Amino acid sequence: MAHTSTIRQSGFTLTELMVAIGVFSILAAIAIPTFLNLRPNYQLRSAARDLLSSFQLAKLTAIKSGHNCTITFNQPVGSETYNYVVFKDEDNDLECDAGEEIVKRVKWTDYTYVSLTGNTLTTNDDGLPAVAFRSNGIPVNNANGFGAGTVSLQNTNNKTTSVVLSAAGNIKIQ
């Protein structure tokens, strides 16, 4: 008696593989442009939250240390210029002087799709937008008036977000 065995081969046929590759290609063609469009919006939200956190850091540092803490935009430190710098302002002039402790310095290199489009904070004597927080958490400008203002950010999709500082020291994203 002859013994025959059947060998079962498992796997995909060439036709099934080509159909799967075609479906994957169509899905990728739809998803990639959507993902690329979402990235600038994500970076805009992240940059705004980072800026809001830096304002809060300056406020809390002033309260904790009992001295003014300032945030200045387009601030040179050494040979580099930062988008903004948070520092303990020992002489209360809203200028980052040698010897004053820098709490945080930020370059928006991580936010390649975001740019600063507006800043209504008053300027210090160096012509740089700046605001300081007193030890009671109230923001002040260079003339010791209330330091309210808005910093506006825009992404490459022309979407704008603003970080708003009120005269009472409240900080929010609009």
Go through (1) over 30 Å from Leu36 (Cα atoms); (2) in contact (Cβ under 8 Å) with a residue 60 or more places away in the chain for Tyr111 and report which single condition fails. (1)
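Does Val131 qualify as being in contact with a Lys or Arg (Cβ under 6 Å, 6 or more places away or on another chain) and surrounded by 15 or more Cβ atoms within 10 Å (Cβ to Cβ)?
Values: in contact with a Lys or Arg (Cβ under 6 Å, 6 or more places away or on another chain): no; surrounded by 15 or more Cβ atoms within 10 Å (Cβ to Cβ): yes.
It is false that Val131 is in contact with a Lys or Arg (Cβ under 6 Å, 6 or more places away or on another chain) and surrounded by 15 or more Cβ atoms within 10 Å (Cβ to Cβ).
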Restricting the first residue to the range 9-22 and requiring it to be assigned to a loop (DSSP other than H, G, I, E, B), which pairs with a second residue that is among the hydrophobic types (A, V, I, L, M, F, W, C) meet a Cβ separation below 9 Å and a spacing of at least six or different chains? Phe12/Ala20
Which condition breaks for Ala168 when tested against (1) surrounded by fewer than 15 Cβ atoms within 10 Å (Cβ to Cβ); (2) in a strand (DSSP E or B); (3) of a type in the set (A, V, I, L, M, F, W, C)? (2)
Residue pairs within 9 Å by beta carbon, gap of at least six or interchain, first lying in the range 69-84 and under 20 Å from Asn142 (Cβ atoms) and without any contact (Cβ under 8 Å) to a residue 24 or more places away in the chain, second of a type in the set (Phe, Trp, Tyr) and surrounded by fewer than 24 Cβ atoms within 10 Å (Cβ to Cβ), listed first then second, are Pro76/Tyr82
So the strands (runs of 3 or more DSSP E) completely within the range 55-160 holding 3 or more residues that are of a type in the set (A, V, I, L, M) are 102-106, 130-133
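Within the range 54-88, can you find the residues that are of a type outside the set (Val, Ile, Thr), buried (at least 16 other Cβ atoms within 10 Å of the Cβ) and over 19 Å from Thr109 (Cβ atoms)?
Across the range 54-88, the qualifying residues are Phe55, Leu57, Ala58, Lys59, Ala62, His67, Asn68, Cys69, Phe87, Lys88.
Here, each number is a calculation from the coordinates, and none is a lab measurement. Model, not experiment: these values are computed from the prediction. Neighbour counts run over all protein chains shown; Cβ positions are idealised from the backbone, glycine included.
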